[in-house]
Every structure is written in C-alpha cells, then in structure tokens.
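Taking it in order: structure first as structure tokens, then the write-up.
Bear in mind that the values in this text are calculations on the coordinates, not laboratory data. For clarity, every value in this text was computed on a predicted model and none was experimentally measured. Methodologically, a virtual Cβ is constructed for each residue, glycine included, from the backbone with ideal geometry; neighbour enumeration extends over all protein chains shown.
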Amino acid sequence: MKPITSPLVAPTEPTLNVALQRTAMFSLFALFILCVLWETWLAPLRAGGTLLFLKALPLAFAFRGVSKGSLYTIQWASMLVLLYLMEGVVRVMSDPPGPSIAMAWIEIALSSIFFFAALFYVKPAKRFAKQLKKQAETQAQDPSQEKPLP
C-alpha cells in the first residue's frame, strides 16, 4: 500500500542555464556592435554615416543585467530585441540591393538568437514561480496542511 503524501511538496529551486545566459549576452553584444558599425561604417544610409547608430543605445542598458543573469532585465531585453528583429525584416524588404541587406539578415539572426536564449533561460524560473503561487493558493484554501515555503 502506498503512503499518503501531501500535495504540498515544496518545489525545488530552478537551476538557470549558464550557457543560455552566455549565448544571450554574446548575441546582445554582437547586435549592439552590428548596429553601431552598420550605421557608421559598413552600410550607412548616407555616405559618412548618420545618427541612426544611436539605435544601439537601448541595448547598452541591458548589458549589466544580462551579464549578471537578472531575470527582470532578460525579460524586458527580450521584448526590446523584437524591435530590432522587426527593423531587420523591414530593411531586408525595403533597402536597395547591397551590403545593407546582409546586415539586416545578421540583425535578424542575432535578435532571434537573443530572444530564444532569453526565453529558454527564463522558463525554469517562471515555472518555479507558478508552482509557488499554486502552493500558496492551496495553503490558503486548506490552512490545516500548512508547510513553510522554501
């Protein structure tokens, strides 16, 4: 006969994947460098460069948090990088043939890599938070089975 176990088993702390964090950091840094070089030297819209290289500035605000593995920073940076993905798609379809299209494809690839690395990095922590919330709701409904949260 199986022993009766409580449904309130404390969930285990998630282990975050360092390889995914490093992949996200590398792709974020590479996207930053690409944006600056693209608009100043590789394929600027006008000869001599434009101030469009400033589009890379928002990415710089995420460097510290992503390098430390901050879930909050990685989450908002994953939403920010979708703007760069969108810009890459627009520029692939609208720029005249030349090196700018190749830069746009690289921008699409780097922003996609960051987005998916961030998504899979945050997933275990989100699952853990959901388990804690479910456990707290169960305890609130049945206070006789209270167990301390980890």
Cα extents of region 26-84 along the principal axes, largest first, in whole Å, come to 40, 17, 14
The ³J(HN,Hα) series, computed from each phi in region 98-110 with the Karplus coefficients 6.51, -1.76 and 1.60 at θ = phi - 60°, rounded to the nearest Hz and given as x for glycine or proline, is x, x, 5, 5, 5, 5, 5, 5, 5, 4, 4, 5, 5
Scalar couplings 3J(HN,Hα) for region 63-74 by Karplus 6.51 cos²θ - 1.76 cosθ + 1.60 (θ = phi - 60°), nearest whole Hz, x for Gly and Pro, are 3, 5, x, 5, 5, 8, x, 5, 4, 4, 5, 5
Rounded to 0.05, the calculated FRET efficiency for the beta carbons of Asp142 and Leu82 at R₀ = 41 Å is 0.45
note: the chain, Cα-Cα separations exceeding 25 Å make up a percent value of 46
From the Cα centre of region 87-140 to that of region 22-51, the distance in Å is 19
For region 75-83, Karplus-derived ³J(HN,Hα) couplings (6.51, -1.76, 1.60; θ = phi - 60°; whole Hz; x for glycine and proline) come out as 5, 6, 5, 5, 6, 5, 5, 5, 5
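Could you give the dipole magnitude of the chain about its Cα centre, charging the beta-carbon of Lys and Arg +1 and that of Asp and Glu -1, in debye to the nearest 20?
Working: 14 positive and 8 negative charges, 70 e Å.
In total the dipole reaches around 340 debye.
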Between the Cα axis of helix 18-37 and the main Cα principal axis of the chain, the angle (0 to 90°, nearest 10) is 20
Taking a ≥ b ≥ c as the square roots of the Cα gyration tensor eigenvalues, with a/c under 1.5 meaning rounded and otherwise prolate when a/b beats b/c or oblate if not, region 66-125 comes out prolate
